[in-house]
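The values are calculated or read from the model by the stated rules, or taken from the named source; none is laboratory data. This one's a predicted model, so the numbers in the text were calculated from it and none came from an experiment. Quick reminder, even Gly has a Cβ in these numbers, built from the backbone with ideal geometry, and neighbours come from all protein chains shown.
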Amino acid sequence: MAQLTPPVAKRAVGKEALPEKIKLGEDEPGCKDSALMARIPGCSIIQCDNKEADGLEIQVGALPDGTIQKEAMDGEAETIYYLCPARITLPQIVKLSDGTLSKNGYKTVFYGKDGDDFPLVTGLKDNQWVQISTYMYDEYSAYIQTALKVPLENQANSDAMAEEMAKTGRVVLHGLVFNKENELSGESEKMLTDIDAFLVRQPDLRVRVEGHSQSAGDKAANMTASQSQASAVATWLLSHGIDKARLSILGLGDTKPVADGSKNSRIELVKF
């Protein structure tokens, strides 16, 4: 998976290490600001890149224990590296960028710090992502502005989930397969990834993972199975970076049938 690497180290380095060609106040020839977002006043472009990205990682969260949550995406990527005066602090860069994103109609997906403890903000509007990540270069503040446009078809399932949740307050999940021990099978991976993407794109949404069993068989066993399956889904989501404060689980057995027999067996996400 591709990761963004600054043209200079993400740490303070000796001033003598500053390449002569990188000068504050001079833009790199051939580079210009993005049409999506203006630069922080006083900063200059030191590098730029436009290309098709394959598995570019965008930070979409961070858990209380410091675990960083990233999502690998494909699409058209535009990356611009800026160098700024020392008087502009890294927190100021992120705060100003967050304000600009909000003004331009972006939803803030994440506002916090990256794995190196540098401020970062990620915004999303439709299928357009923008991430501002910061670092230090000698005494200079610096930031990377990454814009990634994901093909609409790549997020069709998560968009459909968002639409269903907005309409009904719940999403009925199809494509999850469990073995006899009520563990998720490998066939469920694609659906689980779509669920994760849906929750990432709805950072304020909290859901209850509800398990429902088939109508036939022992009721106590059905209740246990539904609880185990709901727990398996929640555990997978937690292991992939979804905050536990956003999830709860509930096994309902066969108490809420929607059809006959085995067709009742399902997992639902319910807004709470």
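The sole residue among Y82, Y140 that is at pLDDT 95 or above, among the aromatic types (F, W, Y) and outside the structural domain of V200 (by TED's automatic domain parsing) is Y82. The number of residues in segment 23-60 that are part of a loop (DSSP other than H, G, I, E, B) and under 25 Å from G99 (Cβ atoms) comes to 16. With the condition kept exactly as written, say whether any residue in segment 143-157 is in the same structural domain as I267 (by TED's automatic domain parsing), among the aromatic types (F, W, Y) and touching a Ser or Thr at 6+ places or on another chain (Cβ under 8 Å). No, that holds for no residue. Residue check: K95 meets all listed conditions (1) touching a strand residue (DSSP E or B) at 6+ places or on another chain (Cβ under 8 Å); (2) basic (K, R); (3) surrounded by fewer than 18 Cβ atoms within 10 Å (Cβ to Cβ) but one, namely (1). Output the residue which, of all residues in segment 50-106 that are touching a helix residue (DSSP H, G or I) at 6+ places or on another chain (Cβ under 8 Å) and of a type in the set (G, A, S), is farthest from D126 (Cα to Cα). Checked segment 50-106; the qualifying residue farthest from D126 (Cα to Cα) is G61.
In segment 67-86, is there at least one residue being in contact (Cβ under 8 Å) with a residue 24 or more places away in the chain, loosely packed, with under 14 Cβ neighbours inside 10 Å and not in a strand (DSSP E or B)? Yes, the conditions are met somewhere in segment 67-86. Among residues that are at pLDDT 90 or above and either farther than 22 Å from A166 by Cα or hydrophobic (A, V, I, L, M, F, W, C) (or both), S239 is not included. Being closer than 19 Å to S185 by Cα and modelled with pLDDT under 90 is the filter here, so list the residues in segment 214-236 that pass it. Residue satisfying the conditions is Q214 alone.
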